[in-house]
Each structure stands twice: as C-alpha cells, then as structure tokens.
Amino acid sequence: LAKTTQPISMDSYEGQEVNITCSHNNIATNDYITWYQQFPSQGPRFIIQGYKTKVTNEVASLFIPADRKSSTLSLPRVSLSDTAVYYCLVGGGYQKVTFGTGTKLQVIP
Amino acid sequence: GAVVSQHPSRVICKSGTSVKIECRSLDFQATTMFWYRQFPKKSLMLMATSNEGSKATYEQGVEKDKFLINHASLTLSTLTVTSAHPEDSSFYICSATRDRANTEAFFGQGTRLTVV
C-alpha cells in the first residue's frame, strides 16, 4: 500500500488560495490519487481525483508532477466552510487504501 | 455521484450487547466494501474488506469474532460489534466502489457508536 505524507495542519485566511501537498513516493503504476474532505462526525467526501498532470473541477485543482511521487491540492479562495480535514489517498477501485494523517485546514476570518 | 448510506447514524448501547451497522450502496452494486474505524481527532483506520458472497478480510489486529462482517448482497454489508464494551465506542465508516474500473470510493456518513 502506498503511504502518504501530508502536513498535519495549515491555517489560511478567507479568500486566499490554499495548496496542500502530499508525498507518495511508492505510488504504483496503476494507482490514482484522490483527495477527500472530512468534516467532524461525517464520512469523507470526494473532492478530486487524478492520474497525472493537472485536473480541475468546480471546487479544486489537482497538480501531479511527471514522476507522480507527490500531488498538490489547490483550493481557490477558501471560505470558513472549507475548514475541514483533507486526506490524500493513493490507490483506487477494489484496492484497499490506507488513510494518512490528513491535513487539518483552519480557515480564519 | 453514487450514494452510500449507513444506518444507524448514531447508536447507544449497553455493555455486553451487540450492535449491527448497515452499509448500503443505494444506486450501484458494490462487490467490495470497506469498513473503517475512526477515533476522535484521528485518521480513519481500515478494519476489513468486505467481499460479496465470501468471508471478509480483516486487517492485522482486528478481531474477526468481535467485528462480524456480512456482505450477503451486492448492495448491503453489515458490521456487527459483538459483546460491545466502552472501548468499542468509536465512529465507524464504510465505503464502496462501483466497479473495478472505477477508482473513486464512496463513503457512508458514518455511525457514531457509544457503549455505556
């Protein structure tokens, strides 16, 4: 199982762009990179998924370098409601995945 | 996106009793589901992989006789915490994927178990 490493916590002011980087040095060829958001007492919610280069959807962008050993989740113009824990997962499909520590993002007014 | 529903969302039970938690994929068939446990302010810990029609695969350190998993249909997996004790109090979460080619896992809303 690919192990992921993320910063444990980050603070950001409202309206700023937030970038959270995840390291996954032993990612396998077939692995996808997926980011989830979790609020207290709720299940994780899918944010974005990618395999290589850049992926963008209505809520975030995901940047993946050519070697795929890391990825960066970019949240544009965060608001207070973006305060949550963000998890980077590697794998997918029927593969079991291991959650890392996640990054607790605190958005400050 | 696909929906995975857990029931109940919250349960309180007495020590020594058993509690069953259901995980349903509402709009797709899930051959494989996963069960996680989460302690306060901690990350999710994988407990077991639930396979439809076969025995679950448990992670190291997880007691299979304590946490019974049944995946009798393609849309339902159940986790039964047997002879519950206060240390079993936790947040339990399930996830499912639509098919082998689909790489996104859909998570249930979680079940808060409190054993008194």
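Every number here is computed from the coordinates shown, using simple stated rules; none is lab data. Model, not experiment: these values are computed from the prediction. Backbone-built Cβ (ideal geometry, glycine too); neighbour counts: all protein chains shown.
Please report Rg over Rh for the protein assembly as shown, where both radii come from the alpha carbon positions and Rh follows the Kirkwood definition.
We get a ratio of 0.98 for the protein assembly as shown.
In 5 Å bins starting at zero, report the fraction of Cα pairs in chain A per bin as a rounded %.
In whole percents, the pair-distance histogram is 2, 13, 24, 26, 20, 10, 4, 1, 0.
Just add up the charged neighbours of A:V78: K/R +1, D/E -1, any other residue whose Cβ is under 11 Å from the Cβ of A:V78.
It works out to a net charge of -3.
So in the protein assembly as shown, what percent of DSSP beta bridges are antiparallel if you round to the nearest 5?
The antiparallel fraction comes to roughly 90 percent.
Just to be sure I understand: if I project the alpha-carbon convex hull of chain B onto a plane and average over all orientations, what area do I get in nm²?
6.9 nm²
Under 4.7 Å Cβ to Cβ, no partner at all: give me those cysteines from chain B, in residue order.
Within chain B, the cysteines lacking a partner Cβ under 4.7 Å are B:C13.
Across peptide A:40-53, how many C-beta atoms of other chains are within 10 Å of each residue C-beta, on average?
4
Each residue of segment A:19-35 in turn: what ³J(HN,Hα) in whole Hz from Karplus with 6.51, -1.76, 1.60 and θ = phi - 60°, glycine and Pro shown as x?
Couplings: 10, 10, 9, 10, 9, 8, 5, 9, 5, 8, 4, 8, 6, 9, 10, 10, 10 Hz.
Taking the Cα centre of chain B as origin and charging only Cβ (+1 Lys, Arg; -1 Asp, Glu), how large is the dipole, in debye to the nearest 20?
260 debye
Starting at 0 and stepping by 5 Å, how many percent of the alpha carbon pairs of segment A:1-49 end up in each bin?
Spelled out per bin, shortest first, that is 5, 14, 20, 27, 21, 9, 4, 1.
Using only Cα atoms, what is the ratio of the radius of gyration of segment B:29-81 to 2.2 N^0.38 Å?
1.12
Can you order the peptides A:74-86, A:29-41 by their average number of other Cβ atoms within 10 Å per residue, highest first?
Listed from highest to lowest mean packing, they are A:29-41, A:74-86.
Apply the Karplus parameterisation 6.51 cos²θ - 1.76 cosθ + 1.60, with θ equal to phi minus 60°, to every residue of segment B:81-93 and state each ³J(HN,Hα) to the nearest whole Hz, in sequence, with x for glycine and proline.
Along segment B:81-93, the couplings run 8, 8, 6, 5, 10, x, 5, 7, 4, 5, 9, 10, 10 Hz.
Which semi-axes, in whole Å and largest first, does the equivalent ellipsoid of segment A:36-77 have when worked out from the alpha carbon gyration tensor as the square roots of 5 times its eigenvalues?
21, 12, 8
Could you tell me the calculated FRET efficiency between B:K20 and A:N30, based on Cβ-Cβ distance and R0 = 45 angstrom, to the nearest 0.05?
The value I calculate is 0.80.
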